[in-house]
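Coordinate-derived values only; no laboratory data. Small disclaimer: the values here were computed from a predicted structure and weren't measured. All Cβ positions, even for glycine, are placed from backbone atoms using ideal geometry, and neighbour counts span all protein chains on display.
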Amino acid sequence: MEIDNGHIIYVLREGMEGRYRIRSGDIAIVHTPDCFGGLIWSEEQDWRDIDFSRVYGAVGPIYVEGAEPGGVLKVEVLGVEVEGDRGVMAVIPGFGLLKEDLKDLSKLKVCRIRDGYIDFGLKIKATPMVPIIGVAPRDSEVPSVTPMDHGGNLDTKDVKEGNTIYFPVFVAD
């Protein structure tokens with residue numbers, strides 16, 4: 001099954017109607033937007049003009065038939081391909097892993113992706129990965145940017161081709 005990025009969600013919560021349905025064991029090709037949802041197109045933009053309610057979107061919800069509370073959902077990442085030749089990144093004051101060290105620095109960067117490398121003027125080997133993936137959390141609504149035991153914004157090079165992710169199933173739908 002092929003799932004396009006025509007339906008994006010920004011929160012994960014119990015009771016969301018499954019936009020897409022798959023069965024356990026199905027293979028799904030999911031086309032996802034970049035983490036900024038196309039909102040960054042120039043390094044000259046001011047990061048304060050970005051609508052942060054529209055970043056870190058996920059495609060879905062995808063209802064997996066047979067997934068039951070108390071069970072485990074096994075997701076095998078069979079491949080990750082970068083569509084296009086452009087990437088973006090942002091250093092935003094007070095945000096991210098280095099937020100304490102970068103309190104006064106802000107920078108948007110648009111880079112080119114060519115032949116498996118990210119070109120910043122310095123070429124860095126790209127490791128394509130799945131940034132946001134998860135299941136409905138129990139008893140709450142969680143922004144897709146938030147990593148927790150249900151998944152969410154995992155943003156790690158380990159959620160890549162050849163690896164398997166196990167999610168606890170908290171809710172039936």
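Tabulated values for the structure
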{"item": "Neighbour-limited loop hits for GluC sites (Glu not before Pro), segment 97-173 (at most 12 other Cβ within 10 Å; DSSP other than H, G, I, E, B)", "result": "100"}
{"item": "Student exercise, segment 20-158 dipole from Lys, Arg, Asp, Glu Cβ charges, in Debye to nearest 20", "result": "220"}
{"item": "Loop-located chymotrypsin sites (Phe, Trp or Tyr not before Pro) in segment 86-152 whose Cβ has at most 15 other Cβ within 10 Å (DSSP)", "result": "95, 120"}
{"item": "Most positive-pole-ward Cα, 79, 1, 133, against dipole of the chain from beta carbon charges", "result": "79"}
{"item": "Segment 1-53 shape via C-alpha gyration tensor axes, a/c threshold 1.5", "result": "oblate"}
{"item": "Two-site FRET efficiency, residue 102 against residue 160, from Cβ-Cβ distance with R₀ of 30 Å, rounded to 0.05", "result": "0.70"}
{"item": "Over the chain, relative contact order from alpha-carbon pairs under 8 Å, at least 6 apart, %", "result": "29"}
{"item": "Cα gyration tensor shape of segment 1-140, rounded if a/c is under 1.5, else prolate or oblate by comparing a/b with b/c", "result": "prolate"}
{"item": "Given 74/125; 74/160; 125/160; 103/125, the pairs whose alpha carbons are separated by over 22 Å", "result": "74/125; 103/125"}
